[in-house]
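Undergrad: Attaching a single structure in structure tokens format; questions to follow.
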Amino acid sequence: MTTAAVQVDRATRDQEQALGAALADAFRDDPVFEFLVPKDATNRDARMVTFFTSMARTYLRRNKHAYIAGDGRGGALWSAPGSWRLPQSEILRETPSSIKAFGRNLPRALRLLTQVEGLHPKDPKHWYLGYLGTRCDSQGLGIGSAMLREVLTHADETRTPAYLESSNERNLTLYERSGFRVVEEIKALGSGPSIWRMWRDPQ
């Protein structure tokens, strides 16, 4: 597959499982997810799929901008300006999935969510990239860049900034090539792995 061959589409409700599976595979070596769901955790792969399918379901249910690349090779979950925060009702609705995914580390996951949300910029209104990932066997083919362009092209046309948090240092160059810049490096819960907050002005 070449970059030119990458097809990115808005995901539909019947693709939540495919989207969740793609993102779970993409994040299986992510330091922050190893912090939340350790490598030696029982049924780790299934737990990762449970979490990301839950996230995909939430985005699709709220008509957010969920994208799927190729035949499930990658996925991206975007929130339009002003809609990044999930309401408490949505979090409660997905609590059973969160318990299944994180188990005894659920309090840690919730504390980390509170930490990250507390640093999320309020203004100006911006596109927010919640998750973006490409399956491990499909990385380096331009799929991530193609999924970024789906929203960033529109963001530039409307002069709207964008924001994300990267939990893997090796992804920083991908985002920087697309115009993002690191504004802060933080440690998960003070002593965990690094998370990079990144901002992009319209171009």
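Undergrad: Buried (at least 20 other Cβ atoms within 10 Å of the Cβ) and assigned to a loop (DSSP other than H, G, I, E, B) - does that describe any residue in the range 15-22?
TA: No, that holds for no residue.
Undergrad: A follow-up question, please. Anything in the range 170-203 that is loosely packed, with under 15 Cβ neighbours inside 10 Å, in contact (Cβ under 8 Å) with a residue 60 or more places away in the chain and among the charged types (D, E, K, R)? List them, or say none.
TA: Within the range 170-203, 184 is the sole residue that qualifies.
Undergrad: Would you pick out the residues in the range 102-136 that are free of Cβ contacts under 8 Å to residues at least 12 places away in the same chain and either of a type in the set (Ser, Thr, Tyr) or closer than 30 Å to residue 6 by Cα (or both)?
TA: Passing the criteria: only 114.
Undergrad: Sticking with this structure for a sec: So is residue 101 surrounded by 14 or more Cβ atoms within 10 Å (Cβ to Cβ), touching a helix residue (DSSP H, G or I) at 6+ places or on another chain (Cβ under 8 Å) and of a type in the set (Gly, Ala, Ser) or not?
TA: When the stated conditions are applied, residue 101 passes them.
Undergrad: Next question, about the same structure. Return the only residue of 30, 40 being of a type in the set (Asp, Glu) and in contact (Cβ under 8 Å) with a residue 40 or more places away in the chain.
TA: 30
Undergrad: Filter the range 51-66 down to residues that are touching a residue at least 24 places away in the same chain (Cβ under 8 Å) and surrounded by fewer than 22 Cβ atoms within 10 Å (Cβ to Cβ) and give me whichever is farthest from residue 101 (Cα to Cα). Quick ask: steps written out before the conclusion?
TA: Step one: list which residues in the range 51-66 are touching a residue at least 24 places away in the same chain (Cβ under 8 Å), which gives 51-62, 65-66.
Applying the additional criterion that residues be surrounded by fewer than 22 Cβ atoms within 10 Å (Cβ to Cβ) yields 53-54, 57-58, 60-62, 65.
Numbers: 53: 10, 54: 10, 57: 15, 58: 15, 60: 19, 61: 20, 62: 21, 65: 23 Å.
Looking at residues that are touching a residue at least 24 places away in the same chain (Cβ under 8 Å) and surrounded by fewer than 22 Cβ atoms within 10 Å (Cβ to Cβ), I get 65.
Coordinate-derived values only; no laboratory data. In this text, all values refer to a predicted model and were calculated from it rather than measured experimentally. FYI the Cβ positions are ideal-geometry reconstructions off the backbone, even for glycines, and counts take in every protein chain you see.
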